[in-house]
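Trainee: Questions regarding the structure given below will be posed in turn.
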């Protein structure tokens with residue numbers, strides 16, 4: 001057998017079946033993925049101590065309410081650009097946001113009485129939504145804690161950048 005024949009034989013017996021397997025296995029997953037960027041509707045982001053989530057942002061309406069340094073409630077309208085939304089969707093996908101548990105809190109935490117700072121992140125899509133509540137005192141799985149914190153920082157940074165871009169500050 002010549003060298004060229006060996007390469008062709010190798011391609012047909014190993015590489016082609018592997019590629020066929022990948023296509024057959026992964027294409028249905030991508031087609032049925034519930035969190036597609038093309039189906040994105042909005043992000044709802046809320047935070048505050050305990051159950052009092054007086055700070056909030058809704059990307060669908062642009063409503064942004066937050067307490068400033070003088071403890072006054074500021075209400076403004078901030079719209080994220082489409083590339084901001086795509087960036088946040090991509091980062092959520094990269095960080096595994098869709099696999100986060102709905103509640104990131106230490107076992108035994110009473111949500112009604114806890115006064116710890118909490119964040120609620122909700123990504124809304126046409127067919128589905130994903131909501132995660134993250135309490136900042138969480139310490140059971142450090143990697144999950146870090147990812148949740150990173151997601152909140154990315155959203156806050158995107159909102160703050162948009163607010164500065166439009167001169168609302």
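Trainee: Rounded to the nearest 10 degrees, what's the angle between the helix 16-31 long axis and the longest principal axis of the chain, both from Cα atoms, 0 to 90?
Mentor: Helix 16-31 and the main axis of the chain meet at about 30 degrees.
Trainee: Among the DSSP beta bridges whose two residues both lie in region 74-169, what percent are antiparallel, rounded to the nearest 5?
Mentor: Here the antiparallel bridges make up roughly 80 percent for region 74-169.
Trainee: While we're on this one: Roughly how many nanometres apart are two label points built 7 Å out from the Cα toward the Cβ at residue 41 and residue 81?
Mentor: The two pseudo-label positions are separated by 2.6 nm.
Trainee: Once you have the alpha carbon radius of gyration of the chain, what is it after dividing by 2.2 N^0.38 Å, with N set to its residue count?
Mentor: In units of the globular-protein estimate, the chain measures up at 1.43.
Trainee: I've got another one for you. Using only the alpha-carbon atoms, how far is helix 142-165 inclined from the longest principal axis of the chain? Give it as 0 to 90 degrees, nearest 10.
Mentor: Once rounded, one gets 70 degrees.
Values quoted throughout were computed directly from the atomic coordinates according to the rules given, and no laboratory measurement underlies them. The structure presented is a predicted model; accordingly, all values stated were derived computationally and were not measured. Heads up, the Cβs are rebuilt from the backbone with ideal geometry, glycines too, and the neighbour counts pull from every protein chain shown.
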